[in-house]
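The values are calculated or read from the model by the stated rules, or taken from the named source; none is laboratory data. Keep in mind it's a predicted model, so treat the numbers as computed, not measured. Cβ sites come from the backbone with ideal geometry, for glycine too, and all protein chains shown count toward neighbours.
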Amino acid sequence: MNVGIVSYGAYIPKYRIRVEEIAKVWGANANSIIDGLMVFEKSVPDLDEDTITIAVEAARHAINRAGINPEKIGAIYTGSESHPYAVKPSSTVVAEAIGATPDITVADFEFACKAGTAAIQTCMGMVETGMIELGMAIGADVSQGAPGDALEYTAAAGGVAYIIGKKDQVANIESTYSYTTDTPDFWRREGMPYPEHGGRFTGEPGYFKHVSSAAEGLMKRMGTKPSDYNYAIFHQPNGKFPTRVAKMLGFSSEQIKPGLVVPRLGNTYSGSCMMGLAATLDIAKAGDRIFMTSFGSGAGSDAFSFMVTDRIEEIRNGAPSVEKLLADPIYINYATYARHKNKIKL
Amino acid sequence: MSVPRFWRRLKNLYNLIGTHCEKCGGFFYPPRNMCPKCRRNGIVNPFKFKGAGVVVTYTIVHTAAKDYAKLTPYILAIIQLDEGPRLTSQVICDHSHIHIGLRVKSAFRRLGEESDKGMIYYGTKFVPMEPKP
Amino acid sequence: MRDVAIIGVGCTEFGELWDKSFRELFVEAGVSAIEDANVQGGKIDALYVGNMSGGRFIEQEHLGALIADYSGLASLHIPSTRVEAACASGGLALRQGIIAVASGYHDIVIAGGAEKMTDVGVETTTDALAAAADREWEGIMGATFPGLYAMIARLHMYKYGTTQEQLAAVAVKNHHNGTMNPKAQFQNEISIETVLNSLMVADPLRVFDCSPITDGASAVVIAPAEIARKYTDTPIYVKASAQASGTISLHDRPDITTIDATVAAANWAYKMAKLKPKDIGFAEVHDCFTIAEICAIEDLGFVKKGEGGKATESGMTALGGKIPINPSGGLKACGHPVGATGVKQAVEITLQLRGEAGKRQIEGADIGLTHNVGGSGGTAVVHIFGREK
């Protein structure tokens, strides 16, 4: 395809809570949770951060990284499960905050954890057809896990923005393929504060079915196999699922290592594999080939094949890397965490 | 603050857009349409500030009203932007790290909300330029 | 322009006055002042009403008409004007009254101020007071009034080495003076420890560094000097009346630790009265927070910039000191019904100059100064009074 990633930017809030801290409150065994999920700690938003502020910071990092002229951005799509408004887009605030208004189209996306990658596909189409010069796709969340529920250990906060274009690509998007069915493995009803999930049902019929179908579908269409890739990123609700699906598909643990950020970050939902991709781009070299497959409950997966260009070196240091964003966190206890996540009803 | 009032100042708050008098070279944030030095003779145009500055003075607010009570204790500061003007804002940093002379940069944050049914106000706060040593 | 004198004063109790409404408070103070002046109601030519926030506190505007009506003077169609400059509303009302008489437009005028702050909850009060700052650029960022003055204090401490104890000394002194003022809201002694152990409001200002929420009213009767002795044996002459504006927000102040509106108003006042700061015997200054008094005595020229803390600590501004400051107990102990304060300051100066200040009488009180500030320094009003013209 003629389109690719022109720039990217990530943002992770400074606060973290350790799995042990949460387990203590509910009388659970921290070690078995850490072993079971392969997650040590997760990010927590500050009192004045939300999906919009995170999306703006990620978008600004993407703009700064490659010195993009925001007036050239023709579309912005922000995908999230925690948009601050049920009606009024996050994307208009982002557009205003990066100086891309008013000659632009925007809208918000929702498809559980794959809203961001769906936005990437939309931008790809608009750029490929010449409808716009540059498109921005953002996946950002301040995900909620119900107190005492398994998801509370992993529901994290973070966001990533990708700018898609034709000129000056740092990674060409060779192809994309999606696999979608109506599979209710995880959802949240309007007005409800926390999501519901199907427990073990989210595994086989949800995650594994869709990720592997999309991955196999893309490789079949392209005639590629796992060994053709340097790196692979799979949606990371925890550390176990992507490790297992990688093995199932024939990818090695070395290939998924740079992109596997969930143990130190938690699941940033719409930002999840986009964060893993950013971490991979932070260290990739020209000529590296990257495979990525997202997963959104409901359910669907978007698979992508990227080819890194030599321009990556030129723009790499223009914004903080994922490692820099993960460094020097501030650890908080459960009480502070509950205050930050508005779990205490005032 | 009512919706139209906040909306009028949106761009200024989100992007630190103030004004600049071409006549005397004065920089103004918050924006002013009337240059205090040149008054009617001034030539005043919009200007986007870089967002870098230094803390001139600060306090830690423990008692606040309404919406801001959710954030206490928070750091309120007067910051001098590199281009010259001073503004009032919050600084998000460790309370033991805030000091007069701290170099700061802009960050996009929630300023508050009208109510849980009402409008959310976004804008610029500041964070230390360098992480705490 | 003719000379002007105060011929009568009146003041209500200051405190949480549940039984008294706004109009009742003002009328009480006004009637007291008229009786003190021995003047007939029918002789009053104009009324000035100082009030900061009738709209927020009692959902009432058009206060000039309200007070004229409830003083029984609307039937005489007396011109009545509400004056507002945040916490300097009282001082401003006083000045408008003085100008009216000095100019020859009116002869006998009542200038008063009142505020009824306790009918609403603390949250509404705090928000109403925050309107004295810049709502759009300070308020929206979470700036509270104590927060703004705390930033002044923090920088003052950084630049001049002012200490928490020196700030506390202001509160201790004013409380001590308050014990001798039967109208004061607080008539109890406090110690430096009390102040230093009180809850932090905005670092470094604690609860005891802040003036309280108060109901109250004050009024004075003003007349041309040439006829003052018809009404009183002790007319107190207005030697100067000055007013200055400054930036509304603290961040635009050229020097954050100086209220330049105070400096400007004071300079004009000294010039008008042909006096220097050292000629002032005592003063009522605007101590909305302890730091405000420290800055006031510097900005009024009584001590050098930066020396205000040391001067207070040394006792220079105590009742028996070189230049007694806030003999009434100031805003801190007497209380701060916003619109009334500026006028109450003139009432205190008058009582002192007449020798009628009871236990808190300053020996040989001669030239007195009042200093009233709006917001963090957007307005400053300075008056100088004496027993001679």
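Here are the numbers:
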read-out	value
Failed criterion for residue C:121 (all others in (1) without any contact (Cβ under 8 Å) to a residue 24 or more places away in the chain; (2) facing chain B (nearest Cβ under 9 Å) hold)	(2)
Meets criteria (part of a helix (DSSP H, G or I), of a type outside the set (S, T, N, Q) and surrounded by 18 or more Cβ atoms within 10 Å (Cβ to Cβ)) for residue A:49	no
Top-ranked residue in segment C:161-204 [being closer than 25 Å to residue B:100 by Cβ, surrounded by fewer than 22 Cβ atoms within 10 Å (Cβ to Cβ) and among the hydroxyl-bearing types (Ser, Thr, Tyr); ranked as nearest to the other protein chains (Cβ to nearest Cβ)]	C:198
Any hit, segment A:134-141, residues being of a type in the set (A, V, I, L, M), under 17 Å from the mean Cα position of the chain (by Cα) and away from chain B (no Cβ under 14 Å)	yes
Residues being of a type in the set (A, V, I, L, M) and part of a strand (DSSP E or B) - total across segment A:189-206	0
Number of the condition not met by residue C:237 [criteria: (1) under 21 Å from the mean Cα position of the chain (by Cα); (2) of a type outside the set (S, T, N, Q); (3) surrounded by fewer than 22 Cβ atoms within 10 Å (Cβ to Cβ); (4) part of a helix (DSSP H, G or I)]	(4)
Pairs with Cβ under 6 Å, 6+ apart, first in segment A:102-113 and within 12 Å of residue A:138 (Cα to Cα) and at pLDDT 95 or above, second assigned to a strand (DSSP E or B) and among the β-branched types (Val, Ile, Thr)	A:106/A:76; A:108/A:78
Restricting segment C:205-224 to residues that are of a type in the set (A, V, I, L, M, F, W, C) and within 14 Å of chain B (Cβ to nearest Cβ), the residue that is surrounded by the most Cβ atoms within 10 Å (Cβ to Cβ)	C:205
Checklist (1) under 16 Å from residue C:253 (Cα atoms); (2) in contact with a Gly (Cβ under 6 Å, 6 or more places away or on another chain); (3) of a type outside the set (Gly, Ala, Ser); (4) part of a strand (DSSP E or B) applied to residue B:31, failing item	(4)
Which numbered condition residue A:321 misses (of (1) buried (at least 24 other Cβ atoms within 10 Å of the Cβ); (2) among the hydroxyl-bearing types (Ser, Thr, Tyr); (3) at pLDDT 95 or above)	(1)
Strands (runs of 3 or more DSSP E) fully within segment B:35-117 counting 2 or more residues that are among the small types (Gly, Ala, Ser)	B:52-61, B:103-113
Contacts under 7 angstrom Cβ, first residue in segment C:139-152 being at the interface with another protein chain (Cβ under 7 Å from one of its Cβ atoms), partner assigned to a helix (DSSP H, G or I) and buried (at least 24 other Cβ atoms within 10 Å of the Cβ), 6 or more apart	C:151/C:250
Per-region count, segment B:84-124, residues closer than 21 Å to residue A:12 by Cβ, over 17 Å from the mean Cα position of the chain (by Cα) and either of a type in the set (D, E, K, R) or within 11 Å of chain C (Cβ to nearest Cβ) (or both)	1
Filter result for the condition that a residue is crowded, with 24+ Cβ neighbours inside 10 Å, more than 22 Å from residue C:265 (Cβ to Cβ) and not charged (D, E, K, R), over C:368, C:329, C:358, C:364	C:329
Residue A:76 vs. criteria within 11 Å of another protein chain (Cβ to nearest Cβ) and either touching a helix residue (DSSP H, G or I) at 6+ places or on another chain (Cβ under 8 Å) or aromatic (Phe, Trp, Tyr) (or both)	no
Residues of segment A:155-175 satisfying the condition of being surrounded by fewer than 24 Cβ atoms within 10 Å (Cβ to Cβ) and touching a Leu at 6+ places or on another chain (Cβ under 7 Å)	A:175
Members of segment B:23-65 that are surrounded by fewer than 16 Cβ atoms within 10 Å (Cβ to Cβ) and at the interface with another protein chain (Cβ under 9 Å from one of its Cβ atoms)	B:36, B:48
Selected residue (only one of C:98, C:140, C:110, C:152 is in a helix (DSSP H, G or I) and either of a type in the set (Lys, Arg) or not assigned by TED's automatic domain parsing to the domain that holds residue C:357 (or both))	C:98
Checklist (1) at pLDDT below 95; (2) under 22 Å from residue C:12 (Cβ atoms); (3) surrounded by fewer than 21 Cβ atoms within 10 Å (Cβ to Cβ) applied to residue C:71, failing item	(3)
Any hit, segment C:260-283, residues being under 24 Å from residue C:331 (Cα atoms), part of a loop (DSSP other than H, G, I, E, B) and within 14 Å of chain B (Cβ to nearest Cβ)	no
Residues (in contact with a helix residue (DSSP H, G or I) (Cβ under 7 Å, 6 or more places away or on another chain) and among the aliphatic types (A, V, I, L, M)) located in segment B:10-55	B:10, B:17
Where residue C:135 falls short, out of the listed (1) buried (at least 20 other Cβ atoms within 10 Å of the Cβ); (2) facing chain B (nearest Cβ under 9 Å); (3) among the basic types (Lys, Arg)	(1)
